[in-house]
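Remarks on the structure that follows.
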Amino acid sequence: MSPPEKAVTIVRHLSMDEQFMFDYEQSEKRRRDLMAFMDDATEKSIAKGKAEGKFEMANAMARNLLKAGVSPEVVADSSGLSINEILALKN
């Protein structure tokens, strides 16, 4: 029997083994679940990083506007931060 024929015979034999197939399917399910979990975690981390970056940018802009003498109300309108957040930056 040639090596390719032998390989086909082995694969057919293994695919008929119900426990082997069950174990393989379970292994694949765990792998897919892990990949989905990792993809979700990555997406959440990216979203969190973007939100933190936007918040830091708004804070930096607000501090600069306050230093330039712009009123806290105008800074709040311009930055999207609350008036309380602006007043906390001012102190």
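Determine whether region 13-26 contains at least one residue that is of a type in the set (D, E, K, R) and exposed (fewer than 10 other Cβ atoms within 10 Å of the Cβ). First the steps, then the outcome.
From region 13-26, those of a type in the set (D, E, K, R) are 17-18, 23, 25; that's our starting set.
This time we only want the ones that are exposed (fewer than 10 other Cβ atoms within 10 Å of the Cβ), so: 18.
Yes; the residues of region 13-26 include at least one that is of a type in the set (D, E, K, R) and exposed (fewer than 10 other Cβ atoms within 10 Å of the Cβ).
Would you check if Met35 is loosely packed, with under 10 Cβ neighbours inside 10 Å, hydrophobic (A, V, I, L, M, F, W, C) and either within 30 Å of Ala88 (Cα to Cα) or out of contact with any Leu (no Cβ under 6 Å at 6 or more places or on another chain) (or both)? Even if it seems obvious, please write down each step before you answer.
Details: loosely packed, with under 10 Cβ neighbours inside 10 Å: no; hydrophobic (A, V, I, L, M, F, W, C): yes; either within 30 Å of Ala88 (Cα to Cα) or out of contact with any Leu (no Cβ under 6 Å at 6 or more places or on another chain) (or both): yes.
No, not satisfied.
Considering only region 32-39, I want to know if a residue exists there that is over 30 Å from Ser78 (Cβ atoms), at pLDDT below 95 and of a type in the set (Asp, Glu). No; the residues of region 32-39 include none that is over 30 Å from Ser78 (Cβ atoms), at pLDDT below 95 and of a type in the set (Asp, Glu).
Any residue that is assigned to a helix (DSSP H, G or I), within 30 Å of the chain's Cα centre (by Cα) and of a type in the set (A, V, I, L, M, F, W, C) - is there at least one of those in region 42-50? There is at least one residue in region 42-50 that is assigned to a helix (DSSP H, G or I), within 30 Å of the chain's Cα centre (by Cα) and of a type in the set (A, V, I, L, M, F, W, C).
Restricting the first member to region 53-78 and to residues that are touching a residue at least 40 places away in the same chain (Cβ under 8 Å) and surrounded by 11 or more Cβ atoms within 10 Å (Cβ to Cβ), and the second to residues that are assigned to a helix (DSSP H, G or I) and not basic (Lys, Arg), no beta-carbon pair is closer than 7 Å while six or more apart or on different chains.
Screening Lys50, Lys90, Lys6 for residues that are at pLDDT 95 or above and among the basic types (Lys, Arg) leaves exactly one candidate, Lys50. Looking only at residues in region 79-91 that are of a type outside the set (A, V, I, L, M, F, W, C) and more than 31 Å from the chain's Cα centre (by Cα), the one that is surrounded by the most Cβ atoms within 10 Å (Cβ to Cβ) is Lys90.
The values are calculated or read from the model by the stated rules, or taken from the named source; none is laboratory data. Source: prediction; values computed, not measured. Counting neighbours? That spans all protein chains shown, and the Cβs are built from the backbone with ideal geometry, glycine included.
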